[in-house]
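Q: Quick one: this structure, given as structure tokens, is what I'll be asking you about.
The numbers here are math on the coordinates, done by the rules we state, and not lab data. All figures in this text were calculated on a predicted structure; none of them were measured in a lab. Note that each Cβ is placed from the backbone with ideal geometry, even for glycine, and that neighbours are counted across all protein chains shown.
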Amino acid sequence: MSPNGTLHDAPERALRSLFLGLSQRRSLGRLAVRVPITRPMVGRFVAGETLPEVLVALERLRDAGFTTTVDVLGESVSSAEACAGAAGRYEETLAALAERGLQRNVSLKLTQMGLDISEEVCRETVARVMRAAAAVGAFVRIDMEDHTTTDRTLGLWRELRSLNPESGVVIQAALRRSAADVEALIADGARVRLCKGAYNEPASVAFREREEVDAAYESLARRLMRDGAYPALATHDGRLIGRLLRFAEDDGIAPDRYEFQMLFGVRRDLQAELLRRGQRVRVYVPYGTEWYQYFMRRLAEKPANVTFLLRSLLKEGRGPAA
Ligand code: FDA
């Protein structure tokens, strides 16, 4: 790890690209889900494989003072049956959230809903989930995937938002186009989650240096905090969060006009500290058996995660310590 903790020095960038590349290898994914050694590590980032497991995790987070959004894991789906299956799992999840009196808030990915098959299949599948969510008063966030999906994602959300006004999108600060997208979304009154961006993008469309991504994030976050509709600031970057808190204080922006969002299992210390400081914190809680791609992106984000995994693999290879 570099002294300032950046991911963007050459070896770390190479490691990140390697893991993001591996995240696309379906055969490796099939293998990984069968190897028991990865399970404890996966359990740090994924709340469980089944609905009852995630409900327990959600109750714990609620009792600790957090709000939540649930991601039924899955992406890059290639058959209409799989899309229907994904929509069914969201319906089942939404019904369980309503029944248990838990936060009604879910996040989904368009490639899980058929974007790689056709826009028509995707539109129908997302519409099904949007309607099910509207029926129980749930919020639906459409996650953002790689830059080839940005226009289609924003377009589809604009088309479908009338089905459920409680819905929103995600903007990635790393993309060069995002300043223009944020302006358009502010004008639309859209609910925006701002993140740095988790995909391996070419320099033609994305900033590659950490400083550039962080500067873009800060500027977009300020813009959204000032004029956006209850923006969600999704980051675990403590320094950046510190600067945004100072900005909110200086500008008189009350903590109920925005929320922080963080991933399940990441920077739990910071999540708790923000709550203590009177900030709103929503935890993104993924569950399901299709965890491979999500998990690989989490490994790519922090080289120390990879070292930890390799060390436990080696230890397992040597057998139990005497
Ligand atoms: P950064 O990568 O600079 O990390 C800051 C610090 O956070 C690190 O130094 C480390 O301490 C900690 N950290 C970050 N990631 C970690 C990890 N995996 N394991 C352990 N520690 C870690 N992306 C996207 O492209 N589309 C999307 O829809 C979303 N949605 C989304 C929702 C929510 C709620 C969050 C928090 C994030 C996303 N992301 C996302 C992911 C996002 O783009 C980004 O890849 C990660 O949040 C990591 O970036 P940070 O802002 O945390 O900063």
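Q: Among 162, 17, 178, determine the one that fluctuates most according to a GNM of the chain built with springs between C-alpha atoms less than 10 Å apart.
A: 162
Q: Taking amide H atoms as placed 1.01 Å from N in the peptide plane, list the residues 5 or more away in sequence, or in a different chain, whose amide H sits under 5 Å from that of residue 193.
A: Here 169, 170, 171, 232 satisfy the definition.
Q: Still on this structure, I have one more. What is the log10 of I(q)/I(0) for the chain, computed with the Debye formula using one identical point scatterer on each Cα and no solvent, at q = 0.09, 0.10, 0.11 Å⁻¹?
A: Here log10 of I(q) over I(0) equals -0.45, -0.56, -0.69.
Q: Additional query: Sorted from largest down, what three extents in whole angstroms do the Cα atoms of segment 175-217 have along their principal axes?
A: So the three principal-axis extents are 30, 17, 17 Å.
Q: Kirkwood Rh over alpha-carbon pairs of segment 78-139, then Stokes-Einstein at 37 °C and 0.692 mPa s: what D in µm² s⁻¹, rounded to an integer?
A: Rounded to a whole number, D works out at 283 µm²/s.
Q: Enumerate the amide H contacts of residue 70 below 5 Å, restricted to partners 5 or more residues apart or on another chain; note that Pro and chain-start residues carry no placed amide H.
A: For residue 70, whose amide H was placed from the backbone, the distant partners under 5 Å are 105, 106, 107, 285.
Q: 222 nm [θ] for the chain, helices only, -39500 (n - 2.57) per DSSP H run of 4+, per residue, to 500?
A: -17000 deg cm²/dmol
Q: Right, here's the next one. Debye sum, Cα scatterers, segment 203-248, no solvent: what log₁₀ I/I(0) at q = 0.13 1/Å?
A: -0.30
Q: If you take every DSSP beta bridge whose two residues both sit in the chain, what share of them, in percent to the nearest 5, is antiparallel?
A: 5 percent
Q: Which three numbers, in whole Å and largest first, are the semi-axes of the equivalent ellipsoid of segment 72-226 derived from its Cα gyration tensor as √(5λ)?
A: In descending order the semi-axes read 27, 18, 13 Å.
Q: Which ³J(HN,Hα) values in Hz, rounded to whole numbers, follow from the phi angles of segment 240-248 under the Karplus curve 6.51 cos²θ - 1.76 cosθ + 1.60, where θ = phi - 60° and Gly and Pro get x?
A: Per-residue couplings from phi come out as 4, 4, x, 5, 5, 5, 5, 4, 4 Hz.
Q: Quick one: Karplus J couplings for segment 149-156, per residue in order, coefficients 6.51, -1.76, 1.60, θ = phi - 60°, nearest Hz, x for Gly and Pro?
A: 3J(HN,Hα) across segment 149-156, in whole Hz: 9, 4, 4, 5, 5, 5, x, 5.
Q: I would also like to ask the following. Quick one: compute a quarter of the convex hull surface over the Cα atoms of segment 32-156 and quote it in nm².
A: 8.4 nm²
Q: Between beta-carbons, use under 13 Å as the cut-off and find the net charge around residue 270, counting Lys and Arg +1, Asp and Glu -1.
A: Here the count lands on +2.
Q: Per residue of segment 259-275, what does 6.51 cos²θ - 1.76 cosθ + 1.60 with θ = phi - 60° give for ³J(HN,Hα)? Whole Hz please, x for Gly and Pro, Karplus curve as stated.
A: Whole-Hz 3J(HN,Hα) from phi for segment 259-275: 9, 8, 10, 9, 7, 3, x, 10, 6, 4, 4, 5, 4, 5, 5, 5, 4.
Q: Sequence-distant or interchain residues sharing an amide H contact under 5 Å with residue 263, placed H: which?
A: Amide H to amide H, under 5 Å and 5 or more residues apart or across chains, residue 263 pairs with 284.
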